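Trainee: Quick one: the structure is below, questions incoming.
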Amino acid sequence: MAKCTIRYWAAAKEAAGTAEEHVEADTLGEALDAACRTRAEDARFLRVLEVSSFLVDERPTGRRAHRDVAVAEGTVIEVLPPFAGG
């Protein structure tokens, strides 16, 4: 498993209660599962993740399944909830 960093922005940061955390995973899906395990009772955090977009090493994941997006040692995952304004 690779050590990677999850960075939370805006509402995701507030729901996570932190700006970033470190997890071990082989895919984006595994990384998000690890983040959810520590917040299993927090429905708000789960809702924010459901509507968020993700960047993996500054590249958008688009509509790919999270289990299909590989992560490597040192990968940075950005969690971007919908933003208002323009």
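Trainee: DSSP loop trypsin sites (Lys or Arg not before Pro) in the stretch 8-40 with at most 15 other Cβ atoms within 10 Å of their Cβ, which ones?
Mentor: Passing both the DSSP loop test and the Cβ count: R39.
Trainee: Let me know the charge dipole size of the chain about its Cα centre in debye, to the nearest 20, where only the beta-carbon of Lys, Arg (+1) and Asp, Glu (-1) is charged.
Mentor: Computed about the Cα centre, the dipole is about 280 debye.
Trainee: When Lys and Arg each count +1 and Asp and Glu each count -1, what net charge do the other residues less than 11 Å away from A2, Cβ to Cβ, add up to?
Mentor: Combined, the nearby Lys, Arg, Asp and Glu give -3.
Trainee: Note the listed values (1) 21.9, 57; (2) 20.7, 57; (3) 11.9, 38, then indicate which one is Rg and Dmax of the Cα atoms in Å calculated from this particular structure.
Mentor: Checking each listed value against the structure points to (3).
Trainee: Here's another thing I want to ask about it. Counting other Cβ atoms within 10 Å, keep those with at most 11, restrict to DSSP loop, and tell me which chymotrypsin sites (Phe, Trp or Tyr not before Pro) in the chain are left.
Mentor: Listed in order of number, the matching sites are F83.
Trainee: I need the phi-derived Karplus couplings for the stretch 15-26: 6.51 cos²θ - 1.76 cosθ + 1.60, θ = phi - 60°, integer Hz, Gly and Pro marked x.
Mentor: 5, 6, x, 7, 7, 7, 8, 10, 9, 10, 6, 10
We did not get these values from a lab; they are worked out from the coordinates using the rules stated. Just so it is clear, the structure is predicted and the values come from calculations on it, not from any experiment. Backbone-built Cβ (ideal geometry, glycine too); neighbour counts: all protein chains shown.
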